[in-house]
1. What value, in deg cm²/dmol to 500, does the helix sum -39500 (n - 2.57) over DSSP H runs of n ≥ 4 give at 222 nm once divided by the residues of the chain?
2. For the range 109-207, rounded, prolate or oblate, judged on the Cα gyration tensor with a ≥ b ≥ c (square roots of eigenvalues), a/c < 1.5 rounded, else prolate if a/b > b/c?
3. Can you tell me the Rg and Dmax of the chain, counting just the alpha carbons, in angstroms?
4. In a Gaussian network model over the chain where Cα atoms closer than 10 Å are linked, find which of 173, 66, 185 has the largest mean-square fluctuation.
5. Can you sort 127, 165, 198 from fewest to most other Cβ atoms within 10 Å of each residue's own Cβ?
6. In whole angstrom, how far apart do the alpha carbon centroids of the range 149-189 and the range 194-225 sit?
7. Under the classification rounded if a/c is under 1.5, otherwise prolate if a/b is larger than b/c and oblate if not, where does the range 28-112 fall, given a ≥ b ≥ c as square roots of the Cα gyration tensor eigenvalues?
8. Determine the shape class of the range 153-225: with a ≥ b ≥ c the square roots of the Cα gyration tensor eigenvalues, call it rounded for a/c under 1.5, and otherwise prolate if a/b is greater than b/c, oblate otherwise.
Ligand code: SF4
């Protein structure tokens, strides 16, 4: 079981006690999805529609780890169903990864947003303290899925695993080991960082950014065999 996220020590407070007490002892995907709706581990539940746990098969060999649910995900209760998720799905397919072999999740389970543009609520990245508070849910997912490999999508996911000095640019597309100080029952055999698919949508040259994403995911595809 994950005990903490290195670099993101959980700073407990009355308002932000951390998610541990809401994580069920008997782990199943259904139990996690139900239990996260009651979580008051940090303040993010207040402005979100619902908690969004990961989705995929329990037997998936690859965990894809993003930042947090977005506007669409918050409304539908499923991860990666918005525009960035569609980019991810296409990139996974182009990299040759079987979608049934992927468990998609985020380091934070409630949508953080600030302000609106039209009807759309605008994403705001979770704070380090919120990521740390939410870590027990990721711990539970890792315990349940026991993936062979983990793909980190973007800086927030990378920092949640490796600490605050992590940057995608230094590491993307290269296989790394799971950090020793992030204690899990059965650590993934490898980790691979790449950009978040939302960055592809924001890039000046979307095609080039997309091809870079696919090239990184192809490294994961080769490892999966
Ligand atoms: S973001 Fe995580 S810790 Fe905060 S309330 Fe939601 S599930 Fe709980």
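1. So the helix-based figure for the chain works out to -10500 deg cm²/dmol.
2. Oblate, because a/c is 1.5 or more while a/b does not exceed b/c.
3. 16.1, 47
4. 185
5. 165, 127, 198
6. Rounded to whole Å, the Cα centres lie 16 Å apart.
7. Oblate, since a/c reaches 1.5 and b/c is not below a/b.
8. oblate
Read the figures in this text as sums done on the coordinates, not as results from a lab. The structure presented is a predicted model; accordingly, all values stated were derived computationally and were not measured. Virtual Cβ from ideal backbone geometry, glycine too; neighbours counted across all protein chains shown.
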